[in-house]
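Shown next, in structure tokens, is the structure this report addresses.
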Amino acid sequence: MTDRAQWQAVLDRDRRFDGAFVFAVRSTGIYCRPSCPARHAKRANVAFFPKPDDAEGAGFRSCRRCRPREAPSAPQAALVARVCRLIEERLDEDVPVQLAELGVAVGLSPRHVQRVFQGALGITPRQYADARRVGALKKHLKEGQPVTHALYEAGYGSSSRLYEKSDARLGMTPSTYRRGGRGMRIGYTVAPCPLGRMLVASTDRGVSAVYFGENESKLAEALRLEYPEAEIHRAEGAHAAWVRGLTKRVKGGDAADVPVDIRVTAFQWRVFEALREIPSGETRTYGQIAASLGVPKAARAVGRACATNPVAVAIPCHRALGAGGTMTGYRWGVERKRALLAAEARSSAERGR
């Protein structure tokens, strides 16, 4: 790879190239894998090395955050990159490339291809194809193309195939996304709860935000920062059943899942689904959640997904703990996380009597 291509992989935090090379930052003396989530350094301070040994030989030390020595081997990275290219070459076809076809193309069994690919990227080849197709759709929509033209250009055989899951994939309908989110109406209310004040924001499709704090104006400001192009208004009493359900959950009660209307990646959705499967009153470590998803080395990625959860309690990320069951950070404060877990434990114990 050229330096330019390697730098672009770093800017994109492209996990396909983990194991293919490492980059080092002269100002910090640290080297990382391409997908490292740390803040990007200035290009002038960055050097590239084929292997971790080469970087350490030049005096750099391994990043404790992305642990580049644990990255997949170069042959694995090359295999994943090739599978990605094969998938991308077929995105414009109505029927996505099948796992068996990928296996034949790279000379491996379909099961082995799936295992290596999912271990490297945290998602299956099918989920990768879906994500790339949605990316192409977003690009066409942002360019101002009509929805019908954009969806066919992105490889969707019919509009129904896209609209069936548009909420999960775009967080809104394609026509709304085409306008950059303009026209998306979000109503919110702020209610008292044992954790202070709880802001609940929602569209007609589901809950878009659940925040905790003490200052209502700051909560509303945070909502506008998260959805800058949406039409946001205070709507007391809107979707009262959802607000009641969330309030009950804050108190440790058992309530039905509320629908959510959020924009997340395929991997985040997998993490959120796993979180929802954790029974009230119980917890799992990031590592256990990663293992349940079939990607045991993705504990850090699970932690990042939890940290970016915009709908607290609706997606119970407070049930995720650090290694050994340690009480790790929480967007709304560790004390609130501890209080949520304690309330759930009490309610669970009472139900068991």
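The values are calculated or read from the model by the stated rules, or taken from the named source; none is laboratory data. From a predicted model like this one, the values you see are computed outputs, not experimental measurements. Note: ideal-geometry Cβ built from the backbone for every residue, glycine included; neighbour counts use all protein chains shown. Heads up: the accessible areas ignore ligands, DNA and RNA and are worked out on the full protein's heavy atoms, side chains in. Shrake-Rupley method; radii C 1.70, N 1.55, O 1.52, S 1.80 Å.
Please tell me if A320 is surrounded by 19 or more Cβ atoms within 10 Å (Cβ to Cβ), at pLDDT 90 or above, under 29 Å from I123 (Cα atoms) and among the hydrophobic types (A, V, I, L, M, F, W, C).
Numbers: surrounded by 19 or more Cβ atoms within 10 Å (Cβ to Cβ): yes; at pLDDT 90 or above: yes; under 29 Å from I123 (Cα atoms): yes; among the hydrophobic types (A, V, I, L, M, F, W, C): yes.
The answer is yes for A320.
Can you pull out the residues in the range 327-345 that are at pLDDT 90 or above and farther than 16 Å from E214 by Cα?
Across the range 327-345, the qualifying residues are R338, L340, L341, A342, A343, E344, A345.
When residues of the range 314-353 are filtered for being within 25 Å of A301 (Cα to Cα), assigned to a loop (DSSP other than H, G, I, E, B) and not polar (S, T, N, Q), how many remain?
The qualifying residues number 9.
How many residues are over 19 Å from Y330 (Cβ atoms) and of a type in the set (F, W, Y) when one looks only at the range 238-291?
Taking the range 238-291 and keeping what is over 19 Å from Y330 (Cβ atoms), we get 238-245, 248, 253-259, 261, 263, 265-267, 269-270, 273, 277, 279, 291.
When the remaining residues are screened for being of a type in the set (F, W, Y), the result is 242, 267, 269.
Total meeting the criteria: 3.
Taking the criterion of being within 27 Å of T124 (Cβ to Cβ), modelled with pLDDT under 90 and not hydroxyl-bearing (S, T, Y), would at least one residue in the range 250-257 satisfy it?
Going through the range 250-257, the residues within 27 Å of T124 (Cβ to Cβ) turn out to be 257.
Narrowing further to those that are modelled with pLDDT under 90: 257.
Now restrict to residues that are not hydroxyl-bearing (S, T, Y): 257.
Scanning the range 250-257 turns up at least one residue that is within 27 Å of T124 (Cβ to Cβ), modelled with pLDDT under 90 and not hydroxyl-bearing (S, T, Y).
Just the residues that are within 15 Å of E344 (Cβ to Cβ), in contact with a helix residue (DSSP H, G or I) (Cβ under 9 Å, 6 or more places away or on another chain) and basic (K, R), please, taken from the range 248-298.
R249, K251, R284
Please determine, by comparing only the residues of the range 326-344 that are touching a Ser or Thr at 6+ places or on another chain (Cβ under 9 Å) and open to solvent by 40 Å² or more (accessible area, probe 1.4 Å), which one is farthest from A222 (Cα to Cα). Spell out the reasoning first.
Keep residues of the range 326-344 that are touching a Ser or Thr at 6+ places or on another chain (Cβ under 9 Å), which gives 326, 331, 334, 337, 341, 344.
In the following step, the residues that additionally are open to solvent by 40 Å² or more (accessible area, probe 1.4 Å) were identified as 326, 331, 334.
Numbers: T326: 28, R331: 12, V334: 19 Å.
Among those residues, the one meeting the criterion is T326.
Testing R69 on (1) modelled with pLDDT under 90; (2) open to solvent by 40 Å² or more (accessible area, probe 1.4 Å); (3) under 22 Å from the mean Cα position of the chain (by Cα), one condition comes back false. Which one is that?
Every condition holds for R69 apart from (3).
Among (1) out of contact with any Pro (no Cβ under 6 Å at 6 or more places or on another chain); (2) open to solvent by 80 Å² or more (accessible area, probe 1.4 Å), which single condition is A47 missing?
Of everything listed in (1) out of contact with any Pro (no Cβ under 6 Å at 6 or more places or on another chain); (2) open to solvent by 80 Å² or more (accessible area, probe 1.4 Å), A47 misses just condition (2).
Would you tally the residues in the range 220-241 being at pLDDT below 85 and in a loop (DSSP other than H, G, I, E, B)?
Result for the range 220-241: 8.
Return the pair list, or none, for Cβ contacts closer than 6 Å from residues in the range 14-39 that are within 14 Å of G59 (Cα to Cα) to residues that are among the polar types (S, T, N, Q) and in a helix (DSSP H, G or I), at least 6 apart or on different chains.
If the second residue must be among the polar types (S, T, N, Q) and in a helix (DSSP H, G or I), the pairs left are V25/N45; R26/N45; S27/N45.
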